[in-house]
Each structure stands twice: as C-alpha cells, then as structure tokens.
Amino acid sequence: MMTDSDIALVARAVEGDEGAFQGLMEAHKDMVYSMAYRILGNAEDAQDAFQETFVSAFRNLKKFRGDSKFSTWLYRIALNRSRDILSSRRRRPQHESIHEEGFDHAAADSTDAGTDVQEALSTLPPDYRTAITLRCIMGYTYDEAADMMGIPAGTVKTYVFRGKDELRKVLSPGAAIT
Amino acid sequence: MNCDEIKALLYEYCDGELTGADAENVRAHLAGCAGCRALAAELTGVNSLLKTASPLRAPDAAVSNVLSEVRTISARRKRAAAGVHWLGFALAAAVLLIVAGLDAAGISPIPAEFGRLSSAARETIFSNIGSIMDRAHAHSDFFTEAVFYAKAAGAMLMACLLLVAAVEEHFARRLAHKFHITR
Ligand SMILES: [Zn+2]
C-alpha cells in the first residue's frame, strides 16, 4: 500500500503542498470509492462519501500521527462517512442505482448465473456487509478490518461468517441445511 | 465430531484458513456426510461470488470536486496565516504604543510583580499563550479566520486609540509648556 511514500506525501501535504495531497488521493481513490460503493450500494452516495472522506482527510491531516498506516487512517474515515450516510439515508429505497456511472460492468462483476455481487451484498445488514467488504472483497486481515471498524477481530469474524451464511441462503433458496 | 461442530469450522475450512487436526476432521466428515458437503459447496459458491467483485474506479468528477475544495481550503488557510502575521504586527505596534504612552506618563509599563516572577513562571505564561494560539489553529478554518480577524481588528482599534491618546498628550504638554502652565 506504498506506506513509505505515503508518509513522505503526508508530511509534504501538511506543509500545504497540494500536489502531495493529490498524490495521496491518486494512490487511494479507487479503494476509498470501492469501499464506499460496496457499503452504500449506489454511485451517488458513494461519491458523497468519497468526497467527504478526502476533504475531511485534508482538513485533519495534521492529526494523522503515523502510529497506524495512512491507508488504515484514511479508510477508517471513509468507513465512518459511509456509515453516517447509510444511517441518514436509510429511509430512501435501497440499491436503486446499482447500474450507474462508476460501476464497471465490463469487469464481469457477476457470476455465470448472473448474480450481482452488489445486489447480494445489499441484502445484508450494514455490519455484515461492511465486514465482508473489508475482509472478503478488499482482502484485509481480520485485525485490520477490526481496527477500521473499531470492534474486536472476533466480532468481525462472526459478522463475516453470519454474512456468508445469509448470502448462502440468498444464493441457494432451496438449501436443505440451515 | 457432529454436523454442528463441523459447521462451526466450515467457514474457515472453505476460506482455506483451517489447518492441522481440525482441517483433517472436517475433510473426513465431509467425505461421509452429504449434508455438510452440500453446505460446503454453497459456502464455496458464496466465496467465488465475492471474488468476482472487482475494484471500482473512482469517478473523475468526484476527484476534481475534492481537489477544488482542497484548493479553497488551502487559500483560506493562507489568508488566515497572513492574518496571523498582520495581527502580530498590530499587536507589536500596540504594545510599543502602550509602553511609550505609559513611559511618557511616568508609569512603569511592566508590573513589578512580573519582574519578581521566576524565569520558569514566565516561561509557563509564554508557553500557555502559545498553546492557546495552537488550539485556536486546530479549530475549523472558519473559526480560526474569524478569531484572528476579530483579534486583529481589536488590536488595531486599541492601537488607534492609544495613538490618539499619545498625540493628545504630546500637544497638551507642548501647550502647557508654551503657556507656562504647571500641570
Ligand atoms: Zn455433517
């Protein structure tokens, strides 16, 4: 995750170097957007979370102490912004705009059966969806995901397993075993 | 091991995270239990679905929105920082005027108590002032800017009043001198 160059870029960005901040953004923009999109389920909210995350990161860059990886710090902000948006817009219909701009369909984001990952994820409670996004889609370890979510690693594991169990039932409605 | 015990291990088994005797037990159970085998197949199906989730590309519009917001914040910060320098200048001018005014009026400008403080105590006072300024800085840009401009305006007002007072004092003395009035 280019941690060394992140630290150098953060130091320069804190001094007011906008190019350095642009470099940080370049390195992490797709991960932040992907995380927000997987959790929020639509492009409009994901873009809001994305923008709020980077603006907040820029404002608070001085507070980044370097005791965690910059990416962990940044993704924690992204996660919090996504959660805020999720709770403030819960009344709105879910996954209304899965097929919007920014969603790369050419990348075969579905199985042969035509099941859309995003559609399946949207059926899960937010905590399960977040845990599965961090662990199974973005590939973080349980410890890293726990750090970002601010909960114990064992709880993340439980969320992942329960989430997978729910996905299993969604994907195989006729499942004999529960 | 019964089916429930196996199920508890099956998630990790399907993720390839189970090793040693546990993995061996699950493997042996699956060989003889069609139900658990079906469950494992479903979990494997979930895993392969999740693997198809490709990273998404952040829209260019979102990136440029952030960059323009960042430029606005930067510009505001630079203005606030310039305000700080200007404030420092105004404060220095005000302090000079106060000292000069008090001196002209024959009053010692620095309280005698301050001179009696130990150097450590004086050091503490100055560092407290510094940390208050730092904390003001850590607040939002708007707050920082507003506070500094308010302080700068106050300092300038004070400086102007002192200047007027000093000029008046000066002319009063000259007039008194000219007309031999003893004040
Ligand atoms: Zn069994």
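Quick notes on this one:
- Among (1) within 15 Å of the ligand (Cβ to nearest atom); (2) exposed (fewer than 15 other Cβ atoms within 10 Å of the Cβ), the one test that B:Tyr11 misses: (2)
- Taking the range A:17-35 as the range and being among the hydrophobic types (A, V, I, L, M, F, W, C) and either at the interface with chain B (Cβ under 9 Å from one of its Cβ atoms) or not in a helix (DSSP H, G or I) (or both) as the test, the residues that pass are A:Phe21, A:Met25, A:Met31, A:Val32.
- Residues in the range A:37-47 that are more than 9 Å from chain B (Cβ to nearest Cβ) and within 14 Å of the chain's Cα centre (by Cα): A:Ile39, A:Leu40, A:Gly41, A:Asn42, A:Asp45.
- B:Pro59 touching a helix residue (DSSP H, G or I) at 6+ places or on another chain (Cβ under 7 Å), within 8 Å of chain A (Cβ to nearest Cβ) and at pLDDT 90 or above: yes
- Within the range B:20-41, the set of residues being within 14 Å of another protein chain (Cβ to nearest Cβ) and open to solvent by 40 Å² or more (accessible area, probe 1.4 Å) comprises B:Ala34, B:Arg37, B:Ala38, B:Ala41.
- Residue match in the range B:80-89 (condition: at pLDDT 80 or above and within 14 Å of chain A (Cβ to nearest Cβ)): yes
The values are calculated or read from the model by the stated rules, or taken from the named source; none is laboratory data. Remember, predicted model here, so these are calculated numbers, not experimental data. Here the Cβ is made from the backbone with ideal geometry for all residues, glycine too, and neighbour counts use every protein chain on show. Keep in mind that these areas ignore ligands, DNA and RNA; they rest on the heavy atoms of the full protein, side chains included. Shrake-Rupley method; radii C 1.70, N 1.55, O 1.52, S 1.80 Å.
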